[in-house]
2 protein chains.
Amino acid sequence: MEQFLKKAKKASKIISQLSSKIKNQILEEMAKALIDNCDYIIKNNNKDLEKARKNNLNSALLDRLVLTGDKVQEMSNALLAISKLKDPTNRVLDGWVNQDGLNIQKVSVPLGVIGVIYESRPDVTSDCAALCFKSGNVVILKGGKEAQNSSVAIVEILQEVLIKNNLAKECISLIPEYTQEGVRKLLKQDKYIDLIIPRGGAGLIEFVSKNSSIPVVKHDKGLCHIFIDKYADFNKARKIAINAKCQRPSVCNAMETLLIHQDIAEEILPLFYEDFTQEKTKLLGCEKTAKIIKVKLANEENFQTEYLTNTLNIKIVKDLDEALLHIARFSSGHSEAIISENYTQIEYFLAQVDSACVYANASTRFTDGSCFELGAEVGISTNKLHARGPMGLNELTSYKFKIYGKGQIRA
Amino acid sequence: MEQFLKKAKKASKIISQLSSKIKNQILEEMAKALIDNCDYIIKNNNKDLEKARKNNLNSALLDRLVLTGDKVQEMSNALLAISKLKDPTNRVLDGWVNQDGLNIQKVSVPLGVIGVIYESRPDVTSDCAALCFKSGNVVILKGGKEAQNSSVAIVEILQEVLIKNNLAKECISLIPEYTQEGVRKLLKQDKYIDLIIPRGGAGLIEFVSKNSSIPVVKHDKGLCHIFIDKYADFNKARKIAINAKCQRPSVCNAMETLLIHQDIAEEILPLFYEDFTQEKTKLLGCEKTAKIIKVKLANEENFQTEYLTNTLNIKIVKDLDEALLHIARFSSGHSEAIISENYTQIEYFLAQVDSACVYANASTRFTDGSCFELGAEVGISTNKLHARGPMGLNELTSYKFKIYGKGQIRA
């Protein structure tokens, strides 16, 4: 592995200096290469699918694993889209002349070598490769083992384009040992790797956090809350709650718990009950809720659970402060919303809630790189350091200070 | 420890919401309290000094440990200076309205709870306390054991001001177990602590990096290089080299290795020899250097050493590329400089060198929060994530997105 990492480090020096023009041209060639080799990709994907069916993989996982001609076209389009984005490196972030007359410029630069550990989704392979390449970073990829054949094929195709352009194939590569033990070793290579991005379930995130000596930007779970204030507009509240829970329950920005101000509970709960029943949402509620509508009683564990299914906890709270206490205790720091028409309540909520994204009168489902119009999404960080919330290309950069002098020395 | 950390976390919610006015007022009161309790501080400092002399602490360490009336006045002045700085929280870093009409604001917020582990310098105790307080963060301090009595006294005084202002004393506190074992336990508390900043020697940095499950921003060693290009202005080169090495050899931004282009070596080396001999600098050099001036031969280990003393390595290189290779191999990523009048050489150097600060025609000694006019210096980060180079108050913040909607849901 050390030999490989040395090459990766060396490649990062080269790739960090490529012009935007050349990077974009190569991304376009990669987009074309995916299409040209569509059959090869699908052939390898079929191997993965066969194995997955033998191992009785559930349908949701199979669904994420399968590649079709259309899907490969989408992957290719994604690369083209990334080629059209603004280069995140060499942005002058700040600049000034100090009292000594030094011209100080703070300039964005690539991070270096990035490890991405992700689920069994072959399309993530080409996406992450392109995002890292565009931002001048070397990437080491490790997808789920169920998608290994597909990932190998995709990386082969991208590497051919690199080689044709006289670049080291280590600019984009799979981890040399495609096993958990391989990942464990990789996580100790802080001498060579600058950042690890884990994407996936709680188990993976915990494994990486515990074992990594490299800085980690986590794409962790989303346990999101919406608080319906007593000053809420009921129409907005109903529309937003349904959207946040039911539009796509399997994602991290979906709502898990609905908090309702006690003063409006009796009036609004039957309406919510009607809405959610229509959406076949499984409802759990606190004791007070159970007195108003028909729900199973929710316990402490329910409030700690990221369901990722069409299941919702409901809790009646005394006031905004009790809602804030509940959120502080159970939130994963991802996305929270207040529904209210009261200026003071809203500003208090937005200031107090310590989450990456805090909403007034909008669905938590908007926490997303595309909704934020970042151009591309690397992930949604639940870290507080380096990057928080939806991460785009800019978040794959560091910076350095370039200082232009004319012979100055320190007094 | 858990009980204490719970209180610290709770305090961080309060302190994060304090207005600038109140924070500044409290900092002013703290500045006054240090002066009012100067005798008490010095009395406790004397206990540390007595113990230190018994343990034969070297004079450099004793020098950093000792507090006098003047020194306490300086500490107090530093607090006043920090009270006058702009509040780093609640800055709107970015903002836009997306296609859905959501008003998205990226706003700086405190990180939460910060652990600072530092050397035996009592003045760092009040400095770090004030910087964290100003930026709305709770701080847990652990200074060197030689300064324990002084630090306890200083923190007591600051806490009295907190209590008088109805704030939890946990806003500023020492680690409950003031031992290495205590530090080891602290480093595992990622549930409560958001950032660890270690300041000090290589041993401490390594201990913290290895044992921390909390994100670490390192204030690591500085192994800084200056490359004298063949197009250098000799006067600038001599002035800058002497300044970078000799003005204060014990600091991280001092130069350790001077790289000289071979085409000018014979001409410039005797001049450097004269300069450095006058400054009593101990010189080591590569074989080629040893043929031109009288130096001890430098080996691989010398090039890896951050001397922190008036000792210098000299190496003759074939060209800019060889200089860059040497720097890539031995630099700690802190500060590097090129001395040249050639535009292309300079721009190439500044682009290629992967260090926090890269200089053209200026001394590396400028890598410093005060020279960069950041108002205050928390440290100099050799990390690439979150913050790089001189860190001011802004680098003690994270951000969150406040999103103002009017009922939007995701399609």
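Taken together, the values in this text are just the output of simple stated rules run on the coordinates, not laboratory data. On a predicted model such as this, the values are computed, not experimentally measured, just so you know. Cβ sites come from the backbone with ideal geometry, for glycine too, and all protein chains shown count toward neighbours.
Below is a table of values for the structure above.
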quantity	calculated
Positive-end extreme of charge dipole, the protein assembly as shown - chosen from A:THR367, B:THR382, B:SER135 (charges on Cβ)	B:THR382
Bridge type composition, chain B - antiparallel percent by DSSP, nearest 5	30
Lys, Arg +1 and Asp, Glu -1 on Cβ, resulting dipole of chain B about Cα centre, debye, nearest 20	1540
For B:SER370, net neighbour charge (Lys/Arg +1, Asp/Glu -1) across residues whose Cβ lies under 14 Å away	-3
Between 0 and 90°, nearest 10: helix B:2-15 axis offset from chain B longest Cα axis	90
With eigenvalues of the C-alpha gyration tensor scaled by 5 and rooted, chain B, Å	41, 29, 18
nm² value of the averaged projected area, convex hull over the Cα atoms of the stretch B:28-112	9.1
Residue mean of other protein chain beta carbons inside 10 Å, A:366-373	5
Potential lengthening between B:LYS296 and B:LYS6 on full extension [0.36 nm per residue; Cα-Cα distance subtracted]	98.7 nm
Point-charge dipole on Cβ atoms (K/R +1, D/E -1) for the protein assembly as shown, about Cα centre, debye to 20	860
Distances in nm from B:LYS169 to the matching label points in the other copies, shortest first (labels 7 Å along Cα to Cβ)	6.5
0 to 90° range, to nearest 10: angle between helix A:69-84 axis and chain A longest Cα axis	70
Values of log10 I(q)/I(0), in the order q = 0.14, 0.17 Å⁻¹, for the stretch B:224-366 under a Debye, Cα-only, solvent-free model	-0.54, -0.83
Entries of B:LYS106/B:LYS406; A:LYS71/A:LYS145; A:LYS134/B:LYS210; A:LYS318/B:LYS188; A:LYS106/B:LYS191 with Cα pairs more than 28 Å apart	A:LYS134/B:LYS210; A:LYS318/B:LYS188; A:LYS106/B:LYS191
Other protein chain Cβ atoms within 10 Å, averaged over every residue that makes up A:345-356	3
Neighbour cut-off at most 14 other Cβ (10 Å), DSSP loop, trypsin sites (Lys or Arg not before Pro), the stretch B:251-359	B:LYS280, B:LYS294, B:LYS318
Residues B:THR277, A:THR382 arranged by fewest to most Cβ contacts within 10 Å	B:THR277, A:THR382
Scattering profile of the protein assembly as shown at q = 0.08, 0.10, 0.11 Å⁻¹ [log10 I(q)/I(0), Debye over alpha-carbon scatterers]	-0.77, -1.15, -1.34
Cα-Cα separations in the stretch A:68-223 greater than 29 Å, expressed as whole percent	25
Fewest-first ranking of B:GLU395, B:GLU336, A:GLU50, B:GLU373, using other Cβ atoms within 10 Å as the exposure measure	A:GLU50, B:GLU373, B:GLU395, B:GLU336
Calculated label separations, A:VAL92, copies of the chain, 7 Å along the beta-carbon direction, nm	2.5
Rounded to the nearest 20 debye, dipole of the stretch B:170-301 from Cβ charges on Lys, Arg, Asp, Glu	200
Of every Cα-Cα pair in the stretch A:299-411, the percent that sits beyond 23 Å	45
Sequence of B:THR281, B:THR367 once ranked by neighbouring C-beta atoms within 10 Å, starting from the fewest	B:THR281, B:THR367
B:TYR178-B:LEU93 pseudo-label distance in nm [points 7 Å out on the Cα-to-Cβ vector]	3.6
Shielding by partners, peptide A:379-386 (average Cβ within 10 angstrom, other chains)	5
Residue of chain A nearest the A-to-B rotation axis [by Cβ], rounded angstrom distance	A:HIS386, 2
The protein assembly as shown - share of DSSP beta bridges that are antiparallel (%, nearest 5)	25
Whole-angstrom gap from the stretch B:139-174 to the stretch A:171-217, using each part's C-alpha centre	38
0 to 90° range, to nearest 10: angle between helix A:320-330 axis and chain A longest Cα axis	50
Which of B:PHE4, A:CYS246, A:ILE260, positive extreme of dipole for the protein assembly as shown (C-beta unit charges)	B:PHE4
